[in-house]
Amino acid sequence: MKPPFFLVALMSGVLALSVLSPAEAAASNKSAKTVKTNKAVQSKSVAKTAVRAKKRVAIKTSVRKAAQGASAVDDAAGLALDSKGNPILKSSAFYVANQETGEVLLEKNGGAVLPIASITKLMTAMVVLEASPSLSEELTIDEEDIDQIKGTGSRLSVGTRLTREQMLQLALMSSENRAASSLARHYPGGVAAFVNAMNIKARLLSMSDTHFYDSTGLNPANVSSPRDLARLVAAAARYPLIREFSTTAERYVDVKGRQLRFGNTNSLVKNPDWEIGVSKTGYISEAGRCLVMQAWINRKPFVIVLMDSAGRYTRTADAQRVRKWMDLQSAERVAAASKARQG
């Protein structure tokens with residue numbers, strides 16, 4: 001069962017979140033305008049990428065060391081808590097908030113500006129959809145879509161033709177970098193205009209800690225903070241296709257006459273104990289392993305942002321720790337209320 005729809009309202013520079021009705025959520029977003037980019041400014045910005053990335057990596061390293069110094073060991077059967085009764089998470093930076101009320105339940109290094117890797121693709125999807133393009137139009141993977149930054153591979157070989165809808169789903173579900181690159185190339189005005197539109201959208205969402213340099217997240221200069229990413233997740237939840245594509249467990253796609261299976265990079269979307277509305281994972285060495293979700297827990301919507309997790313499974317384990325802690329908190333409140341009534 002899919003969760004209801006959501007609305008993001010920005011008030012006094014602070015994100016206010018509320019649940020949308022199905023009718024409201026069905027309304028299309030057709031307000032985006034084609035953005036023209038000054039090539040000289042763009043070139044100058046790209047030239048600064050290496051310097052910015054180096055600074056962000058230094059920040060990330062500092063955050064990770066602080067997290068390691070404060071951590072404790074918990075076992076699979078229990079839940080380790082700190083002196084305040086909060087769960088000890090292994091992610092260096094995190095932010096957990098009630099999407100309806102805006103109440104922050106858990107936060108650590110919420111304002112730390114860090115590389116975000118493929119979490120970028122949530123913004124990529126929003127910019128694509130706001131341009132109101134034809135989702136049935138066929139796009140082509142070409143040489144420009146090959147990763148020249150990290151050297152990652154892809155099953156979408158040069159010459160692959162897929163619809164814009166298929167490219168969008170593979171970018172969100174399987175974090176396909178070539179698909180995300182192709183989507184940006186086929187935007188009105190090309191890649192430069194697309195990236196500019198991403199940064200304009202970030203400013204409109206009051207994401208002041210956020211800046212984008214590409215549509216894939218392979219560039220470590222794509223940075224944000226946990227607080228900003230909570231805004232991004234809440235905004236992404238307004239788009240029915242983002243909700244659907246980011247939480248689909250798998251899809252078979254015809255690639256040059258072969259049926260290839262693409263799976264979701266977040267294993268929790270297949271877990272029946274979770275109701276997930278929006279999901280996106282991310283990983284490059286500078287960012288560590290990241291996970292953002294909009295999930296329903298105890299019949300309420302929450303935004304969960306986990307950044308810079310060291311181990312391969314740490315981000316998923318942290319999400320489970322958050323869920324378990326919230327269940328315990330809910331049980332304690334129910335017990336306290338029951339005791340008060342009896343008294």
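Laboratory data are not the source of any read-out in this text; all were calculated from the coordinates shown. What you are looking at is a predicted structure, and each value in this text was computed from that prediction instead of being measured. Cβ coordinates were reconstructed from backbone atoms using ideal geometry, including for glycine residues, and neighbour counts include every protein chain displayed.
For this structure, a couple of remarks:
- Selection from the stretch 288-316 of residues that are surrounded by fewer than 17 Cβ atoms within 10 Å (Cβ to Cβ) and farther than 18 Å from Gly277 by Cβ: Ala310, Gly311, Arg312, Tyr313
- For the stretch 251-278, residues that are closer than 29 Å to Ser91 by Cβ, touching a Leu at 6+ places or on another chain (Cβ under 7 Å) and assigned to a strand (DSSP E or B) total 2.
- Extreme residue, surrounded by the most Cβ atoms within 10 Å (Cβ to Cβ), among residues of the stretch 139-184 that are among the basic types (Lys, Arg) and within 21 Å of the chain's Cα centre (by Cα): Arg178
- The stretch 279-289: number of residues that are over 8 Å from the mean Cα position of the chain (by Cα), of a type outside the set (Gly, Ala, Ser) and part of a strand (DSSP E or B): 3
- Checked against the criterion of being in contact with a strand residue (DSSP E or B) (Cβ under 7 Å, 6 or more places away or on another chain), in a loop (DSSP other than H, G, I, E, B) and more than 24 Å from Phe302 (Cβ to Cβ), the candidates Leu135, Leu162, Leu170 yield just one match: Leu135.
- Those residues of the stretch 222-250 which are in a strand (DSSP E or B) and either of a type in the set (Gly, Ala, Ser) or within 15 Å of the chain's Cα centre (by Cα) (or both), in sequence order: Val223, Ser224
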